[in-house]
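*Asks:* This structure is in structure tokens; I'll ask about it shortly.
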Amino acid sequence: MTELAEPFSMSLPAVSKHLRVLERAGLIVQRRDAQRRPCRIEAAPLKEAFDWTAHYRELWEGRLDRLDDYLKKLQSKEEKSHGRKQRSPK
């Protein structure tokens, strides 16, 4: 745990708590080896989450691209209309 805590300037209890949460979520597996508790990442649940979010990423990217196109059209129309409405100085 000391190795894990060091780069993040976290306390050992905080690292321990994070590891318990990850273990309960099925994202890591810990085993005892005397005083050490080596951890191994479980990739299957992460792949499930990635696959699920990938679908929504594609969906939202498409929606945001369409919104961007729509806003560009509105801006273009607004710029054209402002050009026509300019009044000459009196």
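*Asks:* Using only alpha carbon positions, build the gyration tensor of the chain, then give the equivalent ellipsoid semi-axes as the square roots of 5 times its eigenvalues, largest first, whole angstrom.
*Replies:* After scaling each eigenvalue by five and taking roots: 56, 19, 7 Å.
*Asks:* Given Cα pairs under 8 Å that are at least 6 residues apart, what percent is the relative contact order of the chain?
*Replies:* RCO, the chain: 13 percent.
*Asks:* May I ask you to compute the full-extension gain from Asp68 to Ser16, defined as 0.36 nm times their residue separation minus their alpha-carbon distance, rounded to one decimal in nm?
*Replies:* 14.3 nm
*Asks:* Here's a follow-up. Using the crude model of +1 on Lys and Arg Cβ and -1 on Asp and Glu Cβ, and no other charge, please compute the dipole size for region 1-41 relative to its Cα centre, in debye to 20.
*Replies:* Once rounded to the nearest 20, the dipole reads 240 debye.
*Asks:* Report the label-to-label distance for Leu4 and Ser81 in nanometres (one decimal), using points 7 Å from each Cα along the Cα→Cβ vector.
*Replies:* Inter-label distance under the simple model: 5.8 nm.
*Asks:* First measure r as the distance between the Cβ atoms of Arg32 and Ala54, then evaluate 1/(1 + (r/R0)^6) with R0 = 30 Å and state the FRET efficiency to the nearest 0.05.
*Replies:* So, using R0 = 30 Å, E works out to roughly 0.25.
Coordinate-derived values only; no laboratory data. The structure presented is a predicted model; accordingly, all values stated were derived computationally and were not measured. Neighbour counts are summed over all protein chains in view; Cβ atoms, including those assigned to glycine, are modelled from backbone coordinates with ideal geometry.
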